[in-house]
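Shown next, in structure tokens, is the structure this report addresses.
Taken together, the values in this text are just the output of simple stated rules run on the coordinates, not laboratory data. Fair warning: this is a prediction, and the values are worked out from it, not measured in the lab. Cβ placement follows ideal geometry from the backbone for every residue including glycine, while neighbour counts extend to all protein chains displayed.
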Amino acid sequence: MATTNDGSAAPRVHHVVYAVDSDRIDAAADFFTELGFTFANFVLEDVGLRVMLDWTGGLELVTPVPGGNGDSSSVAEFLRNAGHGVYSVAIRVPEASAAEDVARRYGATTQYRQHREVGTHSLDEIDLRVLGLPVTFLSTDLPD
């Protein structure tokens, strides 16, 4: 991660998250794959979401798993209200909760937060809306 003049880690855009209906996600993945993206495909059972993520390419496709708790997720709500589109922009920050504190001063509403252990690494994400903008703060010790 890049650093600022004082040596602290600099925030940066990490990836864009597209919300796509479950009946169109495979076609969307095929399209981006033909462009050269390589997706890891997994289901987050606890939140009922299917995720296709190209960590190095900076692109994520997400859809609710039909019939599960994903139907009541913020992704499902987004799709019902806005249709397919940019669900969030993930900003990699040194500490997600500190970034959330800053966003709260600007009236942010937090929609979702998660902490996951991935092997020996950890990942924290906080999805929120601030000043009408969809932002996800991401802090992790996973390499880029």
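Name the residue farthest towards the positive end of the dipole of the range 12-140 from the options V17, F78, L131, assuming +1 on Cβ of Lys and Arg, -1 on Cβ of Asp and Glu, about the Cα centre.
Value computed over the given set: L131.
How high is the relative contact order of the range 12-140? Use alpha-carbon pairs under 8 Å, at least six apart in sequence, and give a whole percent. Please report the intermediate quantities before stating the final value.
Numbers: 251 pairs, mean separation 31.0, N = 129.
Over the range 12-140, the number comes to 24 percent.
Taking a label point 7 Å from the Cα of D141 along the Cα→Cβ vector, which residues of the range 97-129 have an amide N closer than 18 Å to it?
Within reach of a label on D141: 97-98, 115-125.
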